[in-house]
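The values are calculated or read from the model by the stated rules, or taken from the named source; none is laboratory data. In this text the structure is predicted, and so the values were computed from the model without any measurement. All Cβ positions, even for glycine, are placed from backbone atoms using ideal geometry, and neighbour counts span all protein chains on display. Keep in mind that these areas ignore ligands, DNA and RNA; they rest on the heavy atoms of the full protein, side chains included. Shrake-Rupley method; radii C 1.70, N 1.55, O 1.52, S 1.80 Å.
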Amino acid sequence: MIRVDSATVAFSQGGGEDRIVLKELSLEVPRGQTVSIIGSNGAGKSTLLNAIAGTVPLVSGSIVVDGRDCTRDPEWARAVYLGRVRQNPLAGTAGDMTILDNLALASRKGRRRLRLAVTPSIARDLAGRVAELGMGLEDRLRENVSKLSGGQRQALTLLMAVLSRPSVLLLDEHTAALDPANADLVSALTKRFIAEYGLTALIVTHDMKRALEQAGRVVMMHEGRIVADVAGAEKERMGVPDLVDLFRQARGTDYAEDRDLLR
């Protein structure tokens, strides 16, 4: 489903100097697999997702999604088959629009035909979908999204990301800004939607415990490269201390994020 081949991404630092963030990185993810991506700050985790989504260009290498070479496709073209949720709950919704209008736009992502945004039948269908979030938002469809809490807004963003039936879901620390209760709720919704829609998913996280629980495969990055890749029985036997040891073995240094060791 996803094939990243020798991808290199560099950002200009001014004065003719470039900082290489992804260094000839290669990754293959089969259809229907969920992959947690972990690593120290600056490892290139978010940049990898941005490269797949088309937010940042490659200096070299290629990206193929569902058999389509999308290396040179713009971000808007990839949005037809890629759903995304970012860390900031405010980033995935239009606060000055109603819940219903946000959902209607998301459900029609990629369609070119112009027509009335929300028909009564569409409104009924979307009300049913938002009711599945279990937050009572189906009774607030005419309210602006700006009135929602961070957890409600992130849950809505997640629903919007899957409504258009994408092939791939990209999640960039999408529970990191939430309190523990809402983080657990959004994580549970994530697993449910991935299973319900048969999605291939990449989930960037700093929470090593959650990384092990939410995916059948864990990829560890450091300094723009993949330094470890575990799945199957090996992954199932692992706990957070095992991941820390794996990082130490792969890079010869301790894992940089002390807060992750406490989870």
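Summary of values
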| item | result |
| --- | --- |
| Inter-residue pairs, beta-carbon under 7 Å, first more than 14 Å from Gly42 (Cβ to Cβ) and among the basic types (Lys, Arg) and in the range 1-28, second open to solvent by 90 Å² or more (accessible area, probe 1.4 Å) and in a strand (DSSP E or B), 6+ apart | Arg3/Glu28 |
| Some residue of the range 66-77 being at positive phi, of a type in the set (D, E, K, R) and at pLDDT below 95 | yes |
| Complete set of residues in the range 189-201 that are over 21 Å from Asp66 (Cβ atoms) and open to solvent by 20 Å² or more (accessible area, probe 1.4 Å) | Lys191, Arg192 |
| Single match in Ser6, Ser36 (criterion: of a type in the set (S, T, N, Q), closer than 20 Å to Ala161 by Cα and assigned to a strand (DSSP E or B)) | Ser36 |
| Scope the range 47-74; condition assigned to a strand (DSSP E or B) and of a type in the set (Asp, Glu); matching residues | Asp69 |
| Residues of the range 139-154 that turn out to be under 25 Å from the mean Cα position of the chain (by Cα) and either assigned to a helix (DSSP H, G or I) or modelled with pLDDT under 90 (or both), as a count | 8 |
| Qualifying position, being modelled with pLDDT under 95, out of contact with any helix residue (DSSP H, G or I) (no Cβ under 6 Å at 6 or more places or on another chain), within 23 Å of Ile203 (Cβ to Cβ) and open to solvent by 10 Å² or more (accessible area, probe 1.4 Å), among Leu105, Leu90, Leu116 | Leu90 |
| Any chance Gly128 is closer than 29 Å to Thr200 by Cβ, without any contact (Cβ under 8 Å) to a residue 40 or more places away in the chain and out of contact with any Phe, Trp or Tyr (no Cβ under 8 Å at 6 or more places or on another chain) | yes |
| Test: residue in the range 10-28 that is open to solvent by 70 Å² or more (accessible area, probe 1.4 Å), modelled with pLDDT of 90 or more and touching a Phe, Trp or Tyr at 6+ places or on another chain (Cβ under 7 Å) | yes |
| Long-range neighbours under 8 Å by Cβ, at least six apart or interchain, first residue farther than 11 Å from Ile37 by Cα and open to solvent by 30 Å² or more (accessible area, probe 1.4 Å) within the range 202-228, second in a loop (DSSP other than H, G, I, E, B) and of a type in the set (A, V, I, L, M, F, W, C) | Glu223/Ala43 |
| Number of the exception - Asn41 against (1) surrounded by 13 or more Cβ atoms within 10 Å (Cβ to Cβ); (2) under 23 Å from Glu173 (Cα atoms) | (1) |
| Lone unmet requirement of (1) over 17 Å from Ser36 (Cα atoms); (2) acidic (Asp, Glu); (3) in contact (Cβ under 8 Å) with a residue 12 or more places away in the chain for Asp245 | (3) |
| Members of the range 1-32 found to be among the basic types (Lys, Arg) and either touching a Pro at 6+ places or on another chain (Cβ under 7 Å) or more than 15 Å from Cys70 (Cα to Cα) (or both), listed by number | Arg19, Lys23, Arg31 |
| Selection count where residues are under 18 Å from Ile38 (Cβ atoms) and part of a helix (DSSP H, G or I), scope the range 175-185 | 1 |
